[in-house]
Each structure stands twice: as structure tokens, then as C-alpha cells.
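Readers should treat all values here as calculations from the given coordinates under stated rules, not as data from a laboratory. Bear in mind the structure is a predicted one, so any value in this text is a computation, not a measurement. Don't worry about glycine lacking a Cβ; one is built from the backbone with ideal geometry, like all the others, and counts go over all protein chains shown.
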Amino acid sequence: MFHVESKINLDDLQKIFKSGLKILGLNLTEKVTDDILVYFHLLLKENKQFNLISAQQDLTTQVAVHLLDSLTPLLYLEWPQTQSLLDIGSGGGLPALPLSLVFPGWSVTLVEATRKKTIFLAKVKAALNLERVTIINQFLNPGQNQENKFYDLVMARAVSDLGTLVTLAGPRLKPDGCFLAFKGPRGQIEFSDAKKKLTRWNLKLTRRLDLSLPLVNFQRSLYFFQRA
């Protein structure tokens with residue numbers, strides 16, 4: 001296991017994370033839980049240098065609104081053990097890296113425009129030996145697929161408004177592919193504003209999950225779209 005040293009108490013981190021998992025009703029193996037904790041401990045340790053998440057939040061809030069939030073898709077669908085995932089604007093690797101640890105058979109591509117954040121992602125990849133994770137330092141153009149690569153699943157969290165995300169995800173989805181957008185209280189407004197773009201890219205809303213994240217007072221909505 002990769003060991004890190006920081007002022008963050010790993011026991012406290014573990015207790016908060018496991019408490020949140022229990023409230024959500026998620027049962028992860030000990031290995032997956034440990035690997036996710038190693039990843040997030042590294043993120044917290046490196047946060048000051050790489051500006052990955054808000055440093056003003058306390059530890060409970062950081063775990064809830066970033067780490068537990070990233071695992072909420074597990075509540076809604078039985079995901080396949082193998083598929084290709086594109087994480088748009090990956091930042092510190094949320095939500096894709098925690099999910100890649102749950103599903104090691106996934107081929108995961110992290111696209112991040114900020115160079116220093118991709119340096120952090122490379123550290124995580126090396127630390128946890130994530131052979132099926134690809135990191136790309138690139139700005140994606142809306143409405144285009146300059147890379148000419150297509151994915152079974154595209155995710156985006158804390159990146160942009162839904163309409164913009166649709167123009168990024170749409171051209172990169174395989175037929176019958178799924179686009180998952182993590183949204184807060186403005187989700188419904190953004191959904192209404194994005195209808196023309198959803199139609200343009202043949203994306204239909206198939207499921208929506210509204211929930212309160214455990215341990216904090218934060219409302220999350222997951223929007224699942226299927227490409228026709």
C-alpha cells in the first residue's frame with residue numbers, strides 16, 4: 001500500500017468515510033475501501049499544492065461532498081464490470097477514480113485542462129498501479145470529437161452547466177451510451193435550458209436520482225441520459 005504523511009488523521013478519515021457508506025447503504029470490500037482511502041488521503045495531502053478541492057471545508061464536508069458524492073451512482077444502477085468511461089474535467093479525479101477502484105475492469109480516461117492537476121492524477125495512477133486509467137491534459141471543444149474516441153459512459157461533476165456538458169459528452173458517446181451529470185439545486189433549471197442541445201445529440205433523460213448527501217446538508221441530483 002502507498003503510504004503518505006500529512007496532518008490529516010487517517011483514522012478520522014476512515015471513520016467518516018465508513019460512516020457515510022453505512023448511511024448510503026453501500027457495501028464495499030475492504031481492499032476497495034482501503035484503496036479509496038489511500039487515494040483521498042493523497043488528495044488531501046496534495047490539495048494545497050494542486051488546488052484540487054476547497055481547503056476551507058472541514059474533513060467531514062470534504063469526504064461527503066467529494067468522495068461519498070462520487071460513489072452515489074452505485075445507488076442507482078447495476079453497472080457492468082467492463083466498460084469505457086470518460087471523465088470530463090476530472091480535476092482531482094472525482095468521480096472517476098473512486099469508481100475505477102470499485103470497478104477495476106473499467107477503462108477510464110481522465111481529461112483535465114489544467115496541467116498541474118494532471119500531474120497529481122499521474123501520482124495517483126502510479127501510487128495505486130491503475131493500469132487501465134489514461135490521463136489526458138487537453139481542453140475539449142464543444143460539439144466536436146477531435147480525438148475521434150467514443151465511450152460507453154461519460155461523466156461530469158462540478159465542471160460546467162448542463163447545456164455545455166451535453167455538447168462535450170454528446171459527440172463522444174457510443175450508440176446507446178450513457179451520460180451522467182452530477183448536479184446541485186440548479187439542475188432542473190439547467191435541464192430545461194439544455195433541451196434543444198439534448199435533442200441535437202439524441203440524448204434522452206432516462207433516470208434522475210435526488211438525494212441528500214450523508215453527514216452534510218447538501219442536495220445532489222444525478223441525471224442519467226441515454227444516447228439513441
request  = State all residues of the stretch 191-225 that are buried (at least 16 other Cβ atoms within 10 Å of the Cβ) and either in contact with a Lys or Arg (Cβ under 6 Å, 6 or more places away or on another chain) or among the hydroxyl-bearing types (S, T, Y) (or both); if no residue qualifies, say none.
outcome  = L203, L213, S221, Y223, F224
note = Within the stretch 27-50, residues being surrounded by 16 or more Cβ atoms within 10 Å (Cβ to Cβ) and assigned to a loop (DSSP other than H, G, I, E, B) number 1
inquiry  = Looking at the stretch 30-37, can you tell me whether even one residue there is within 24 Å of R207 (Cβ to Cβ), among the polar types (S, T, N, Q) and in contact with a Phe, Trp or Tyr (Cβ under 8 Å, 6 or more places away or on another chain)?
reply    = no
inquiry  = Tally up the residues in the stretch 74-101 that are assigned to a helix (DSSP H, G or I) and surrounded by 20 or more Cβ atoms within 10 Å (Cβ to Cβ), please.
reply    = 6
message = Of the conditions (1) surrounded by 15 or more Cβ atoms within 10 Å (Cβ to Cβ); (2) more than 16 Å from the chain's Cα centre (by Cα); (3) not small (G, A, S), P175 satisfies every one except a single condition; which number is it?
response = (1)
note = Every listed condition ((1) closer than 30 Å to K174 by Cβ; (2) touching a Pro at 6+ places or on another chain (Cβ under 8 Å); (3) surrounded by fewer than 20 Cβ atoms within 10 Å (Cβ to Cβ); (4) of a type in the set (S, T, Y)) holds for S70 save (3)
request  = Output the number of residues of the stretch 106-146 satisfying the condition of being part of a helix (DSSP H, G or I), surrounded by fewer than 16 Cβ atoms within 10 Å (Cβ to Cβ) and touching a strand residue (DSSP E or B) at 6+ places or on another chain (Cβ under 8 Å).
outcome  = 2
